[in-house]
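K.L.:
One structure coming up, written as structure tokens, with questions to follow.
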Amino acid sequence: MKKKVDVVIIGGGINGCSLANHLSKKNMDVILFEKNYLTSGATGSCGAGIRQQWSTKENTKLAIDSVKIFEKLSKELDRDIEFRQGGYLVAIHDEKDMKQAEKNVEMQRSLGLKVDILKPEEITEVVPILDVKGMDAIGATFCPTDGHANPFLTTFAYATAAEKKGAEINTHTSVTDIIVKNKQITGVKINDKDIIKADTVVNSAGVWSKEIAKKIGVNLPNEPLRKEIIATERLKPIFECMVISFKDGIYFSQQKEGHIVGGIPLEKKPGFRTIPTFDFIKHMSKTLTRYSPVLKHVKILRHWTGFYDVTPDARPILGETPEIKGFIQCNGFSGHGFMLSPMVTKILSEYISDKKPNDILDNLNLNRFKDKKIDYEKSVVG
Amino acid sequence: MKKRKAIVCRCEDLTEEDVVEAIEEGYTDIEELRKKLRLGMGPCQGRVCIQIVRKILQKYTGKEISKIPLPTSRPPTIPISLGTLSCDKDEKES
């Protein structure tokens, strides 16, 4: 194992692995530590969706640029990450929803995104198995370039690409301490014994980021929120797009292999509980069969839980921590880490290697929680 | 050389060769293998393949079988239709 590197990355999820790839492309010496196996956290439980329809400008911009990277990623990494663009259909239920949707669409279009407001009868043209009455929808927004990719294969492809360029990836290895001298990071301690020297440490540990930051007295406002999700048996291809509703919280889509995968929020209390609940499965199956009654004949194979790493404004925490030099945050994705990862890690890698500033890093810095005025992301599901 | 074409995971149609190739690529954790290959993700939820894969892992990594953890079991134990799960009416709904 290397004893001195330029950057230590904590966490082997999508963001940690992608960042390792970016930094090693820039000839930086990188070592990544993952306490379990790659994708063992939120990345491995995620719904695989990639959405550009957001209510805040930063998220929309990040997502649009991320999709441009996703489009070329299989080729770049020389692995099929199963990226496909079947779109996202966002249900509109009432006049209040419609007003917000019109506002969102106007902002999204100003950034160059192709997105339309569909009439109720146009909804089933996109997803034939939906019941517009059951959905209680008066319309929907639809962006055809939204889509999906396989989170496992994408993470593994990033890790392999990073290793080829010299990065070292260590799974089943815990960072047990971070060493700071005169408010500057100098290294980390792993498995309570070995010390790895580095001036920069990236905290991309998902829901465990808070615990990592606490080791050196940095307080992150992130909370773990249990989320539940189901997968059905495989079906022939029926629909390509993700269906979501901010009001009902539901999201579901058909994966490339044919399974329908989706979830709906239930848990309101933060905490590290991982047991799947019967309340969820009841609520999910009722809502899903209300949206698409024909699905009552389809069987569920699997029901699992994962965590959203949730921040008070549902937006990620990115960039260098003001009080400790070299301590970089890349967490708090609030359920959207996979879809935003390509651009987030690109911007962060430019900051880490070239000190290149970026408005997004300024706006999403940890110090934003010191001000009282927070711009909430409203377009959150799951 | 004789190819290892024996089917290991019937639901996802994976052969011993598929599993060995992934192990040789470095995916030596049973959870990683599941996520890389979709092993055990079909209707039987790993009842058939997981024990076989543990044996293959033992052969290639030298780890004792008892040291190779089983993947997390996920409900439902057998596939259940969404119709069955959603048919129960709540009191306030009826």
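K.L.:
Filter the stretch A:304-336 for residues that are hydrophobic (A, V, I, L, M, F, W, C) and surrounded by fewer than 20 Cβ atoms within 10 Å (Cβ to Cβ); which is nearest to A:GLY11 (Cα to Cα)?
P.N.:
A:ILE324
K.L.:
Which members of the stretch A:232-253 meet the condition of being surrounded by fewer than 19 Cβ atoms within 10 Å (Cβ to Cβ), of a type outside the set (Asp, Glu) and either in contact (Cβ under 8 Å) with a residue 60 or more places away in the chain or within 19 Å of A:SER379 (Cα to Cα) (or both)?
P.N.:
The answer is A:LEU235, A:ILE238, A:LYS247, A:GLY249.
K.L.:
Still on this model: Of the residues that sit in the stretch A:21-40 and are of a type in the set (A, V, I, L, M) and within 28 Å of A:PHE307 (Cβ to Cβ), which one is farthest from the other protein chains (Cβ to nearest Cβ)?
P.N.:
A:LEU23
K.L.:
Further question on the same structure: Considering (1) charged (D, E, K, R); (2) surrounded by fewer than 18 Cβ atoms within 10 Å (Cβ to Cβ); (3) farther than 21 Å from A:GLY166 by Cβ, say which one A:ASP65 fails and leave the rest.
P.N.:
(2)
K.L.:
With the checklist (1) touching a Pro at 6+ places or on another chain (Cβ under 7 Å); (2) closer than 30 Å to A:LYS25 by Cβ in hand, flag the one item A:LEU77 doesn't pass.
P.N.:
A:LEU77 satisfies every listed condition except (1).
K.L.:
Within the group A:THR124, A:THR145, A:THR160, A:THR141, which residue is hydroxyl-bearing (Ser, Thr, Tyr) and without any contact (Cβ under 8 Å) to a residue 40 or more places away in the chain? First the steps, then the outcome.
P.N.:
Values: A:THR145 fails: without any contact (Cβ under 8 Å) to a residue 40 or more places away in the chain; A:THR160 fails: without any contact (Cβ under 8 Å) to a residue 40 or more places away in the chain; A:THR141 fails: without any contact (Cβ under 8 Å) to a residue 40 or more places away in the chain.
After applying the criteria, what remains is A:THR124.
K.L.:
So A:ILE324 fits all but one of (1) within 27 Å of A:ILE69 (Cα to Cα); (2) away from every other protein chain (no Cβ under 14 Å); (3) at pLDDT 95 or above; what number is the exception?
P.N.:
Just one mismatch for A:ILE324, condition (1).
K.L.:
Can you tell me which residue is surrounded by the most Cβ atoms within 10 Å (Cβ to Cβ) among those in the stretch A:254-275 that are at pLDDT below 95 and closer than 11 Å to A:ALA48 by Cα?
P.N.:
A:GLN255
K.L.:
Given the criterion surrounded by fewer than 16 Cβ atoms within 10 Å (Cβ to Cβ) and within 21 Å of A:GLU82 (Cβ to Cβ), identify the matching residue among B:GLU12, B:GLU25, B:GLU17, B:GLU32.
P.N.:
One residue alone meets the criteria, B:GLU25.
K.L.:
May I ask you to verify whether A:LYS378 is charged (D, E, K, R), modelled with pLDDT under 95 and not assigned by TED's automatic domain parsing to the domain that holds A:LYS214?
P.N.:
Answer is yes for this residue.
K.L.:
Also: Can you pull out every residue in the stretch A:278-312 that is more than 7 Å from chain B (Cβ to nearest Cβ) and among the β-branched types (Val, Ile, Thr)? Give the derivation first.
P.N.:
Filtering the stretch A:278-312 down to residues more than 7 Å from chain B (Cβ to nearest Cβ) leaves A:278-280, A:283-284, A:287, A:290-294, A:305-312.
Once the filter is applied, which keeps residues that are more than 7 Å from chain B (Cβ to nearest Cβ) and among the β-branched types (Val, Ile, Thr), the stretch A:278-312 yields A:THR287, A:VAL294, A:THR305, A:VAL310, A:THR311.
K.L.:
Any residue in the stretch B:3-17 that is more than 11 Å from B:PRO43 (Cα to Cα) sitting within a Cβ distance under 6 Å of a residue that is of a type in the set (Val, Ile, Thr) and surrounded by 20 or more Cβ atoms within 10 Å (Cβ to Cβ)? List the pairs, counting only those 6 or more apart or interchain.
P.N.:
Cβ pairs passing all conditions: B:VAL8/B:VAL19; B:LEU14/B:VAL8; B:GLU16/B:VAL8.
K.L.:
Need at least 1 residues that are in contact with a Leu (Cβ under 6 Å, 6 or more places away or on another chain), within 11 Å of chain A (Cβ to nearest Cβ) and within 30 Å of A:ASP279 (Cβ to Cβ) per element, so show me which helices (runs of 4 or more DSSP H) inside chain B make the cut, counting only ones lying wholly within it.
P.N.:
B:82-86
K.L.:
Among the residues of the stretch A:66-102 satisfying the criterion of being aliphatic (A, V, I, L, M) and closer than 19 Å to A:THR345 by Cα, which is farthest from the chain's Cα centre (by Cα)? Please lay out each step first, then the result.
P.N.:
In the first step, residues of the stretch A:66-102 are kept if they are aliphatic (A, V, I, L, M); the result is A:67, A:69, A:73, A:77, A:81, A:89-92, A:98, A:101.
Pick out the ones that are also closer than 19 Å to A:THR345 by Cα and you get A:67, A:69, A:73, A:77, A:81.
Working: A:VAL67: 13, A:ILE69: 15, A:LEU73: 17, A:LEU77: 20, A:ILE81: 16 Å.
Among those residues, the one meeting the criterion is A:LEU77.
K.L.:
In addition: Which condition breaks for A:THR345 when tested against (1) more than 25 Å from A:GLU71 (Cα to Cα); (2) in contact with a Ser or Thr (Cβ under 6 Å, 6 or more places away or on another chain)?
P.N.:
A:THR345 satisfies all of (1) more than 25 Å from A:GLU71 (Cα to Cα); (2) in contact with a Ser or Thr (Cβ under 6 Å, 6 or more places away or on another chain) except (1).
The rows are residues; the columns are (1) among the hydrophobic types (A, V, I, L, M, F, W, C); (2) within 14 Å of chain B (Cβ to nearest Cβ); (3) at positive phi.
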{"residue": "A:ILE195", "(1), (2), (3)": "yes, no, no"}
{"residue": "A:LYS210", "(1), (2), (3)": "no, no, no"}
{"residue": "A:LYS236", "(1), (2), (3)": "no, no, no"}
{"residue": "A:ILE250", "(1), (2), (3)": "yes, yes, no"}
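K.L.:
Further question: Which residue pairs have Cβ atoms closer than 6 Å, lie 6 or more positions apart in sequence or on different chains, and pair a first residue in the stretch B:27-38 that is under 18 Å from B:SER66 (Cα atoms) with a second residue that is assigned to a helix (DSSP H, G or I) and not β-branched (Val, Ile, Thr)?
P.N.:
B:LEU33/B:ALA22
The values are calculated or read from the model by the stated rules, or taken from the named source; none is laboratory data. Since the model is a prediction, treat every value here as computed from it, not as a measurement. Positions of Cβ are backbone-derived with ideal geometry, glycine not excepted, and every protein chain shown enters the neighbour counts.
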